[in-house]
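The values are calculated or read from the model by the stated rules, or taken from the named source; none is laboratory data. Predicted, not measured: the structure shown is a model, and the values here were computed from it. Cβ placement follows ideal geometry from the backbone for every residue including glycine, while neighbour counts extend to all protein chains displayed.
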Amino acid sequence: MKKHILIILGLFLTVFLSAQEHLKFGVFIDPQICWFSPDARTVKSEGTTFGINGGLVMDKYFAKNYAFSTAIGIGTQGGKLLYDEGLNLQVYDKVDSLPAGTTVEYNLQYITVPLGLKLKSNQMGYTTLFVNIGLTNQVNVKAKATSDNNNGLEDDSIKDEIGIYNLSYHFGAGFEYALGEDTALTIGALYHNGFLDVTKASSVVNSRVISIRLGILF
C-alpha cells in the first residue's frame, strides 16, 4: 500500500511541477479539534484536544477553475486515550509502566505537506466558492504525553513511541472573498482522516482532525 501511495504522490508532483498556468501564494492558520480512533477493545478514545496549524500555501492552476494545491505547515494535534490494561511507554531513556485505567493525553507536533486538488466556482460578486480534496503528509518532530495518575507522565517526551510518518486524506470546502484584484480572504473547513498508525503500540490508533481554515491569498 505504501508503495502505491508513493507512486501516486510522485505522479502528482510531476504534474504539479509541469503545469503551465499561473500560481497563487498565501498564508494560513488552522485552529483544530483533534482526537484519536483506536481499534482495540482495551483502548478507548477519551475526548478531544485543541491544536493549531499554520504555514504557506500554493495553488497552481491548470485551468480557470481548477488547481493543484499544496502547502507546508507546522502544527500540533493529538488526543486522549484510556488504557484499560495499562501501558508501557518509552519515556526519555527509560520505560514507564502505567497502571490499568490510565488516561494519556498526547500532544504531537508535525510538519505537514498536503497535496490535492482545488475546485472553484465562478466568482459571484466578491465571493468564490471552493472544494479541496487530497492527501496530507505528516512528519512527526515532537511528541509529549501527560497521564491522569499522580505518579505518571507530566508533559514528558515520548518521541520513540510515535511513528515518524503519518498520512491522511482530507476534504473540505469554503469561500474566497476578494479584497482587491489579486488578494483574497480565505475561510473554510477541512476534515483529515489518518489511515496510518500514530503510535508504535500493539493497538492501531488513527488520527482525526477538523480544522477551520483562515488565510489570505496573494
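Given the conditions (1) without any contact (Cβ under 8 Å) to a residue 60 or more places away in the chain; (2) closer than 24 Å to Arg208 by Cβ; (3) over 13 Å from the mean Cα position of the chain (by Cα), report the number of the one that Tyr169 does not fulfil.
(3)
Condition first: within 12 Å of Leu108 (Cα to Cα) and under 18 Å from the mean Cα position of the chain (by Cα). Now tell me which residues in region 130-164 satisfy that.
Result: Gln138, Val139, Asn140, Val141, Lys142, Ala143, Lys144, Lys159, Ile162, Gly163, Ile164.
If Tyr191 passes every condition in (1) exposed (fewer than 15 other Cβ atoms within 10 Å of the Cβ); (2) in contact with a helix residue (DSSP H, G or I) (Cβ under 8 Å, 6 or more places away or on another chain); (3) of a type outside the set (A, V, I, L, M, F, W, C) but one, which one does it miss?
Result: Tyr191 fails condition (2) only.
Please determine, by comparing only the residues of region 10-44 that are modelled with pLDDT of 95 or more and small (Gly, Ala, Ser), which one is farthest from Ala145 (Cα to Cα).
Gly26
Could you please find all residues in region 96-106 being assigned to a strand (DSSP E or B) and surrounded by 11 or more Cβ atoms within 10 Å (Cβ to Cβ)?
To start, the set of residues in region 96-106 that are assigned to a strand (DSSP E or B) comprises 96-98, 102-106.
Within region 96-106, Asp96, Leu98, Thr102, Thr103, Val104, Glu105, Tyr106 meet the criteria.
State the number of residues belonging to region 184-208 that are farther than 16 Å from Gly163 by Cα and either in contact with a His (Cβ under 6 Å, 6 or more places away or on another chain) or at pLDDT below 95 (or both).
Total satisfying the criteria: 2.
Can you tell me which residues in region 26-66 are outside any strand (DSSP E or B) and at negative phi? Break it down stepwise before answering.
Looking only at region 26-66, we keep the residues that are outside any strand (DSSP E or B), and these are 39-42, 46-48, 64-65.
The answer is Asp39, Ala40, Arg41, Thr42, Glu46, Thr48, Lys64, Asn65.
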